[in-house]
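As structure tokens, the structure follows; a few thoughts come after it.
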């Protein structure tokens with residue numbers, strides 16, 4: 001939403017909101033004159049603040065008090081008067097990379113770790129959705145012999161879900177009588193490599209269209225085994241879908257004066273703990289008819305106060321951004337805090353965290 005403010009009005013609005021974010025106290029013209037280089041008189045600042053109040057950008061909580069930003073004022077501030085801090089974005093990216101191990105940890109551990117780092121840096125509640133999947137694809141597959149003639153198949157999907165199943169190894173009458181276990185283990189490793197080469201990155205639906213004649217020529221003696229294995233993969237594996245939200249930072253946000261009222265905190269905590277199904281669509285809206293060539297350009301979404309449809313958080317701001325697997329959005333990172341929020345900082349932190357998770361999910365196995 002564009003507003004037609006003069007340069008002076010923009011500067012006064014910017015200074016008023018910055019001062020209120022820093023102090024949580026209604027702002028008067030004297031404070032702006034002393035703390036900001038507005039190059040004008042106190043009377044002029046008062047007049048400008050009066051104009052901004054009539055425009056619905058500021059309001060007076062009490063007749064004798066200074067002014068505080070309205071939701072509309074914050075909206076103009078976010079859309080027109082600030083840019084996210086590039087310095088904070090780079091620092092957050094480095095801190096996430098230093099503290100988290102995307103290679104050695106499970107995906108849930110990485111997501112929880114990212115939520116904790118984001119909560120600490122922002123001082124607010126953080127919300128990270130578990131990744132969604134339009135279709136399950138194979139990330140890694142390993143065959144291990146557990147008993148003579150029995151093999152356990154371990155499959156890791158693109159959603160970092162691990163599945164396993166027991167299958168019968170085909171009889172090989174010409175197998176050597178001595179050292180056969182070693183031979184079988186070596187062949188299973190070769191077969192694992194073969195399967196990873198041909199199946200990694202394929203969706204389960206694609207497995208049904210494999211060219212068995214081509215595979216047969218490459219690995220003839222295991223063709224029946226491969227057919228059985230792939231059939232089991234298609235039958236047993238289901239695309240994982242989870243509406244679970246990982247939450248961190250509730251203790252952090254309780255330090256903010258806006259949450260000094262116990263009943264307000266209780267309604268928010270109830271929403272976070274008991275009504276995640278209502279909160280989930282606000283954080284991550286699954287794209288309908290996804291067009292990878294025309295993804296939304298807006299990287300971070302900011303819902304301010306009354307823009308939130310859920311009553312318990314209509315005094316809050318929700319800042320969120322999607323994280324991706326390749327080009328496809330699969331989950332979201334959010335920060336929930338008071339409308340009196342350090343927007344330049346929080347937007348940069350959310351963007352950095354989403355970028356880190358996207359890189360973690362997209363890196364090759």
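Being more than 30 Å from residue 331 (Cβ to Cβ) and either over 22 Å from the mean Cα position of the chain (by Cα) or surrounded by 13 or more Cβ atoms within 10 Å (Cβ to Cβ) (or both) is the requirement here; does residue 97 meet it? So residue 97 does not fit the description; no. If the condition is being within 13 Å of residue 100 (Cα to Cα) and over 11 Å from the mean Cα position of the chain (by Cα), then the stretch 348-363 contributes 359, 360. Looking only at helices (runs of 4 or more DSSP H) that lie completely in the stretch 45-142, which have at least 3 residues being free of Cβ contacts under 8 Å to residues at least 24 places away in the same chain? Helices (runs of 4 or more DSSP H) meeting the threshold: 86-99. Exactly one of (1) surrounded by fewer than 21 Cβ atoms within 10 Å (Cβ to Cβ); (2) modelled with pLDDT of 85 or more is unmet by residue 294. Its number? So residue 294 meets the others, but not (2). Total residues in the stretch 345-356 satisfying the condition of being buried (at least 24 other Cβ atoms within 10 Å of the Cβ) and out of contact with any helix residue (DSSP H, G or I) (no Cβ under 6 Å at 6 or more places or on another chain): the figure is 3. What do you reckon, is residue 32 modelled with pLDDT of 95 or more and over 30 Å from the mean Cα position of the chain (by Cα)? When the stated conditions are applied, residue 32 does not pass them. Any residue that is surrounded by fewer than 19 Cβ atoms within 10 Å (Cβ to Cβ), farther than 26 Å from residue 331 by Cα and at pLDDT 85 or above - is there at least one of those in the stretch 118-138? So far as the stretch 118-138 goes, no, none of its residues is surrounded by fewer than 19 Cβ atoms within 10 Å (Cβ to Cβ), farther than 26 Å from residue 331 by Cα and at pLDDT 85 or above. The set of residues in the stretch 249-279 that are outside any helix (DSSP H, G or I) and touching a helix residue (DSSP H, G or I) at 6+ places or on another chain (Cβ under 6 Å) contains only 249. Kindly indicate the residue of the stretch 1-59 that is touching a strand residue (DSSP E or B) at 6+ places or on another chain (Cβ under 8 Å) and surrounded by fewer than 17 Cβ atoms within 10 Å (Cβ to Cβ) and also nearest to residue 255 (Cα to Cα) among those meeting that condition. Looking at the filtered set, the residue picked out is 59.
The values are calculated or read from the model by the stated rules, or taken from the named source; none is laboratory data. Not measured: the values here are computed from a predicted model. Positions of Cβ are generated from backbone atoms using ideal geometry, with glycine treated the same way; all protein chains shown enter the neighbour counts.
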